[in-house]
1. Quickly run through segment 49-71 and pick out the residues that are over 11 Å from ALA137 (Cβ atoms) and not in a helix (DSSP H, G or I).
2. Answer yes or no: is there a residue in segment 239-253 that is farther than 19 Å from PHE127 by Cβ and under 26 Å from the mean Cα position of the chain (by Cα).
3. List pairs: first in segment 225-244 and over 14 Å from TYR51 (Cα atoms) and of a type in the set (A, V, I, L, M, F, W, C), second assigned to a strand (DSSP E or B) and open to solvent by 30 Å² or more (accessible area, probe 1.4 Å), Cβ under 7 Å, 6+ apart or cross-chain?
4. Tell me, please, whether a residue that is in a loop (DSSP other than H, G, I, E, B), touching a strand residue (DSSP E or B) at 6+ places or on another chain (Cβ under 9 Å) and open to solvent by 20 Å² or more (accessible area, probe 1.4 Å) can be found in segment 76-87.
5. Output the qualifying pairs, or none if there are none: Cβ atoms under 8 angstrom, residues six or more apart or on different chains, first residue in segment 247-259 and of a type in the set (A, V, I, L, M), second residue modelled with pLDDT under 95 and open to solvent by 100 Å² or more (accessible area, probe 1.4 Å).
6. Take the residues in segment 166-212 that are touching a residue at least 40 places away in the same chain (Cβ under 8 Å), of a type in the set (A, V, I, L, M) and out of contact with any Asp or Glu (no Cβ under 7 Å at 6 or more places or on another chain); name whichever of them is farthest from LYS83 (Cα to Cα).
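The values are calculated or read from the model by the stated rules, or taken from the named source; none is laboratory data. Quantities reported herein were computed from a predicted structural model and do not represent experimental measurements. All Cβ positions, glycine included, derive from the backbone under ideal geometry; neighbour counts span all protein chains shown. These accessible areas exclude ligands, DNA and RNA; they are computed on the full protein's heavy atoms, side chains included. Shrake-Rupley method; radii C 1.70, N 1.55, O 1.52, S 1.80 Å.
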Amino acid sequence: MIFRSEPLARRLVALLVALTVAISGVARAQNEPPPFKPEEIEALVAPIALYPDSLLSQVLMASTYPLEIVQAARWVKANPNTKGDAAVKAVESQTWDVSVKSLVAFPQILDPMNEKLDWTQKLGDAFLADQKAVLDAVQRLRLRAEKSGNLKTTEQQKVIIEEAAPQQTVVKIEPANPQVIYVPAYNPTVVYGAWGYPAYPPYYWPPSPLYSPGGALMAGFAWGVGIAAAGAIFGGCNWGRGDVNINVNRATNIDKNFNRTNVGGGGQWQHDSSHRKGVNYRDSASREKFGGKDVPGAAGRNDFRGRDGGPGDRAGAGDRGGPGDRGGAGDRGGPSVADRGGPGTGDRGGAGDRGGAGDRGGPSVADRGGPGAGGRDNAFQGVGGGAASPRDLDRGRASNQSMANRGGAGASAGARPSAGAGAGARPSGGGGGARGGGGGGGRGGGGRR
């Protein structure tokens, strides 16, 4: 009887395994984001579709490395007097991708890519998912701009219209002078005519007065000063094949460490996942293709919270003070070395409470996302950091009142964490000494991890 039941048991186990796999596959499919719609892609490429082909290709490549875009933008802000080819030469030793290095010559492009990181990442995700769909969207917009009379040859650019195949028109844009690159600024709702997708309005940023003197949009366009940056150009668009090309020799001139083997046949660009710096890929197809992995939970959100440390880095330069030191120089609470409370040696509820100057949500050095964060040279700085500050401040005040009722403002020697709450001291579960702040000893307090 036992031997007869074993085959049946094995079949049941196999059936359960198959059922589990099927259910998990359905769950993954339900969580998978839908492919970008053609009109959604048009909205994404609207602000760059009228760039010269070479510059457009390099923006598309660089958008797949959003963290390095942020680093390059910071470098430009720190070196405002280094421009054009000189700027590209100055960043030669940086570890960024060659496409990112090339954009330091064009701060009027790098700046909005840094300021609008949601757009940058979506553009990169769309390009990684389907390069041809992105380039096809660019061509549709160029044709509309040309038919509206807003795209034509000028002293800054040369517009070339070719019949690539029956019923296939290709609009190419080249610099009028290959040695001088002009970057147009324009209003998409003007240059392309009436925008036909209310659900997907085009992305747009007005011309910066720093790079487009006067900032006037004449017939929808504003031209800034020409940039002597021929040495920064190494890419191009292969409209027939539906992808972008790389001139390997030019790329090597920009980056001596450029990997010549990471180029497909005919100079086809290949995405290098090592420059992705841990940013998740949007869909499973991209993850499988480029070897990326999901970063679950809090670790995956580090990219958007301005942290560049490892999974355990919770406070960057203002860290807690060393392994096991819960009351060190970088203590989460007030400005004192070990005093989480007030003027009393062990008082938990005074001026140094977690709702004070060192509060996780405030603008201190230990702020995880705010503009004052020190030592965190990483991407998406300041995203989502400020909203927690008033909430944490209220919790700090509540902690003050609660602790004052329990032990009074001057309780010192009798406080449970012994005087000074030194390096290895572990405050008891109640009150402000617990990690979670505010009440109880739980972990779920003030600032979000």
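1. Once the filter is applied, which keeps residues that are over 11 Å from ALA137 (Cβ atoms) and not in a helix (DSSP H, G or I), segment 49-71 yields LEU50, TYR51, PRO52, SER63, THR64, TYR65.
2. no
3. Hits for this filter: ALA228/VAL180; TRP239/ALA164; VAL244/ASN238.
4. yes
5. What qualifies is VAL248/ARG260.
6. Among those that are touching a residue at least 40 places away in the same chain (Cβ under 8 Å), of a type in the set (A, V, I, L, M) and out of contact with any Asp or Glu (no Cβ under 7 Å at 6 or more places or on another chain), it is ALA199.
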